[in-house]
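The values are calculated or read from the model by the stated rules, or taken from the named source; none is laboratory data. Treat the numbers as computed from the prediction; the structure is a model and nothing was measured. Cβ: placed from backbone, ideal geometry, glycine included. Neighbour counts: every protein chain shown. Heads up: the accessible areas ignore ligands, DNA and RNA and are worked out on the full protein's heavy atoms, side chains in. Shrake-Rupley method; radii C 1.70, N 1.55, O 1.52, S 1.80 Å.
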Amino acid sequence: MSDIAIRVENLSKMYRIGTREEQPHGVVQAARNLAASPFAYLQRMRRPPTEEETLWALKDISFEVKQGEVLGMIGRNGAGKSTLLKVLSRITEPSSGQAQVFGRVGSLLEVGTGFHPELTGRENIYLNGAILGMKRAEIDGKFDEIVEFSGVEKFLDTPVKRYSSGMYVRLAFAVAAHLEPEILLVDEVLAVGDAAFQKKCLGKMGDVSREGRTVLFVSHNMAAVQNLCRRSFLLDSGKIVADNATDLVVEEYLSSIQKESDLPLGERQNREGNGSLRFKSVYIISGRRGITDTICTGEHVTLIAEYEANSQRPLYNVSVSMPFYDQLGQSMFMCWTRMTGQDWNQIPTIGAFRLDIKKFPLMAGKYSINLWCEVSGMLADWVREAVIVNVVEGDYFGSGYLAPPNQGGVLVEHEWQQVAPGIDHAQNSTEKPLVEVLGNG
């Protein structure tokens, strides 16, 4: 008996892009176009697309995954990772080549996949089990374990359309991991959950692999990929450009990110959003040295992100975020206008966002900064690794001492006091006692 769980041979997936007339939205629009000009419409639909009208999400890729193997898949946005998982899940058909999957597949590809919004959490558990070919008695045997893992017991009989994205993904992962698929496909959706749940999920995927089941794991969190996967491959523009031990593949990926970040921001293609606003440039200003790519721990830092809209009208309800990540893709901290109550009701079509960090908290190392902007409730622009910054050691506390290495990545301001035991220390504090703040009731 073969030990192969997945075999992919010369697989390609092509999407046709074009004008609205060439790709009508729905049956009604297609019927209208056909009625208006039958011959012209049929000619457009029959002719092969030009090179400008095609997008190859996957291009002639081949690989094998053995049973019980945990394979990591990394790459920039648009590299083809999610498309490949959708082909393996039979959500979409390949344009050419073939993908053979030997075993029952559980997929967690994006928030909402496989759940019916009108059904409750309880009903969706049984629906997913039935789709996997499980009998009701088998699902009953796993039900309590699924509910406990997901932590949504209070909302089990609520339609999932009322769930938050975090609740949704917790239940979806619990279902996918516990209903015993032989092959588990997991996309970037774990980023929706909190840090504790992500750790829980990674532990569960480790358990799944030790049970002899196969896992394909897509993530931008390089630390998670390194911890979980011995082998990984790197996708770029729909092609596998590296297939090797995970540490080697991650190293190659990080090198490619550095090269990409050297391009002017306005020329970067690896971005998401509807384009109503685009970041054009970003630069860092040190309080002492001017424009720089090196920050000293503890110093005052200003970041300027210049933007331009794609229309002549002002932009409304604008929210901007700059999250900071370490080299392995782990979040360090985030600066977000919404968290500080500083979203803008209206901004001009051309301008810049300024972020001031009075005391830069990261310890020495190399970090990346993402740029994210939402306009009128829609994602306008999102550029990962928009800028790479080097941080060097600094006297954060002004004490003459540097922080010891390998003690975490973030420094926080704090104070120490030596006090006598057994007294009401709240009386000596400038803050109100917690019981007074919360009230006695």
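Below are the figures for this structure:
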{"item": "Looking only at segment 99-135, and only at residues there that are in a strand (DSSP E or B) and at pLDDT 85 or above, the one that is nearest to Lys59 (Cα to Cα)", "result": "Ala99"}
{"item": "Subset of segment 278-296 (residues that are farther than 30 Å from Asn345 by Cβ and open to solvent by less than 10 Å² (accessible area, probe 1.4 Å))", "result": "Ser286, Ile295"}
{"item": "Residue among Glu145, Glu182 that is in contact with a helix residue (DSSP H, G or I) (Cβ under 9 Å, 6 or more places away or on another chain), among the charged types (D, E, K, R) and surrounded by fewer than 22 Cβ atoms within 10 Å (Cβ to Cβ)", "result": "Glu145"}
{"item": "All positions within segment 365-396 that are of a type in the set (Val, Ile, Thr), within 15 Å of the chain's Cα centre (by Cα) and either within 15 Å of Arg278 (Cβ to Cβ) or modelled with pLDDT of 95 or more (or both)", "result": "Val383"}
{"item": "Selection status of Glu138, more than 25 Å from the chain's Cα centre (by Cα), part of a helix (DSSP H, G or I) and within 20 Å of Leu202 (Cβ to Cβ)", "result": "no"}
{"item": "Any pair with Cβ under 9 angstrom, 6 or more apart, that starts in segment 118-132 at a residue that is in contact (Cβ under 8 Å) with a residue 40 or more places away in the chain and within 15 Å of Met167 (Cβ to Cβ) and ends at one that is open to solvent by 50 Å² or more (accessible area, probe 1.4 Å) and assigned to a loop (DSSP other than H, G, I, E, B)", "result": "Thr120/Asp157; Gly121/Asp157; Asn124/His116"}
{"item": "Candidate set: segment 148-169, residues that are surrounded by fewer than 20 Cβ atoms within 10 Å (Cβ to Cβ) and among the polar types (S, T, N, Q); chosen: the one farthest from the chain's Cα centre (by Cα)", "result": "Thr158"}
{"item": "Subset of segment 326-343 [among the hydrophobic types (A, V, I, L, M, F, W, C) and closer than 16 Å to Ile304 by Cα]", "result": "Met334, Cys335, Trp336"}
{"item": "Of residues in segment 72-92 being outside any helix (DSSP H, G or I) and of a type in the set (Val, Ile, Thr), the one most open to solvent (accessible area, probe 1.4 Å)", "result": "Ile91"}
{"item": "Strands (runs of 3 or more DSSP E) (entirely within segment 319-392) containing at least 3 residues that are open to solvent by 20 Å² or more (accessible area, probe 1.4 Å) and farther than 22 Å from Gln198 by Cα", "result": "344-347, 350-357, 365-375, 378-392"}
{"item": "Output for segment 271-307, where each listed residue is under 30 Å from Ser237 (Cα atoms) and in contact with a Gly (Cβ under 6 Å, 6 or more places away or on another chain)", "result": "Lys280"}
{"item": "Failed item in (1) small (Gly, Ala, Ser); (2) open to solvent by 10 Å² or more (accessible area, probe 1.4 Å); (3) outside any loop (DSSP other than H, G, I, E, B); (4) closer than 30 Å to Ile4 by Cβ, with Ala177 passing the rest", "result": "(2)"}
